[in-house]
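Just so it is clear, none of the values below were taken in a lab; they were calculated from the coordinates. None of the values given here were measured: they were computed from a predicted structure. Cβ sites come from the backbone with ideal geometry, for glycine too, and all protein chains shown count toward neighbours.
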Amino acid sequence: MSLTAEQQAEIARSRSETRETRRVVAEGLEARLYEAVPVLDHGFVRVIDYMGDDAAIVQAARVSYGQGTKAARDDAGLIRYLMRHWHSTPFEMCEIKLHVKLPVFVARQWIRHRTANVNEYSARYSILDREFYIPAPENLAAQSTVNNQGRGAVLEGAEAAEVLRILKEDSTRAYDHYEAMLAQDDQQGLARELARMNLPANIYTQWYWKIDLHNLMHFLRLRADAHAQYEIRVYAEAICELVKAWVPAAYAAFEDYRLGAVQFSGPGMACLRRMLAGETVTQETSGMSKGEWREFEAALKG
Ligand SMILES: Cc1cc2nc3c(=O)[nH]c(=O)nc-3n(C[C@H](O)[C@H](O)[C@H](O)COP(=O)(O)OP(=O)(O)OC[C@H]3O[C@@H](n4cnc5c(N)ncnc54)[C@H](O)[C@@H]3O)c2cc1C
């Protein structure tokens, strides 16, 4: 992770200050506030601010439930009930603001989640740092042969070395040219907003990202999933740990009913019932396509 001495000092200063407040605080997240959690080679995620805790979810839900239901008297039980039944608005009462440093190609996937508020570092105004994501050798995967959006075995030996050489060389050359085009002592220089256009998608950017817990869990369900690209998944996994510290009961329910859950289609459920009744069902007799059947089998195997 690349944090300058100045940035580290600022984080240390923020972490050393405490204030009295009447607001609810989530002790688990309070302990992690401002701290940068390293992700990939130069990236990080850190919590800048948050609102609410598990109790805030329960409090909001009880407004709509009046005195609450008999079956879900305790807070964790009510949270699990809400999660199971897709009663999502109480989770929107909690908010979190993150500072994220991430490669541009990861940011492109991330920004598709439209329900957050974002403010990105301006490369029109500032000069980007010479920081590029170069995958660790164990993450240099070949193209998958069964999934056009997936990875196969890890590249090895000379092929891996050559890929790393190309990545490093291209990043260095592009940044050298970026610098050469910018204003220097002896030249007027190209505007920053234009000079950046030759930079590759593995350069790092940064943003502040604020989102409510319901929409954050939607993001995490998609991006912490095994099918998500590794480079965004590691960010999602880091955020999962923060959410666990922030709202432990909601996170446990999320793990059980979203992250660890699978969804079966109508035909899938019909096959499952036939299998439970002792019938041997194959792809040919399932009524499902090969792709659907492969996913169905994978869901059963876990
Ligand atoms: C494994 C994977 C592969 C992907 N591959 C591709 C790809 O090849 N190409 C590509 O372009 N994208 C791809 N995506 C992105 C994907 O299509 C979604 O854009 C992204 O996951 C954001 O999902 P979302 O719209 O549900 O999330 P959000 O934008 O966070 O929205 C959350 C929810 O709010 C609601 N919502 C938000 N905005 C609107 C709106 N304007 N209208 C109606 N409802 C709204 C919807 O219910 C939505 O589910 C991929 C995503 C994943 C996880």
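Things worth noting here:
- In the stretch 100-141, chymotrypsin sites (Phe, Trp or Tyr not before Pro) in a DSSP loop with at most 11 other beta-carbon atoms within 10 Å: 125
- Counting only lysines at least 8 places from residue 244 when in the same chain, those with an alpha carbon closer than 22 Å to its own are 97, 101, 210.
- On full extension, the segment bounded by residue 81 and residue 24 gains 18.2 nm, given 0.36 nm per residue less the C-alpha separation.
- Along the chain, the longest continuous region that contains none of the GluC sites (Glu not before Pro) in a DSSP loop with at most 12 other C-beta atoms within 10 Å is 21-155.
- ³J(HN,Hα), Karplus 6.51/-1.76/1.60, whole Hz, each residue of the stretch 54-59, x for Gly, Pro: 3, 5, 5, 5, 5, 4
- Total formal charge among the other residues, if their Cβ is under 14 angstrom from that of residue 272, Lys/Arg +1 and Asp/Glu -1: -1
- Paramagnetic label reach from residue 2 (point 7 Å along Cα→Cβ; backbone nitrogen cut-off under 20 Å): within the stretch 31-58, residues 36-46.
- Approximate spin-label separation residue 190-residue 284, in nm, with each point projected 7 Å along Cα-to-Cβ: 6.1
- Between residue 158 and residue 258, the modelled labels are 4.8 nm apart [label points 7 Å from Cα along Cα→Cβ].
- The chain: most fluctuating residue of 52, 278, 43 per GNM, C-alpha cutoff 10 Å: 278
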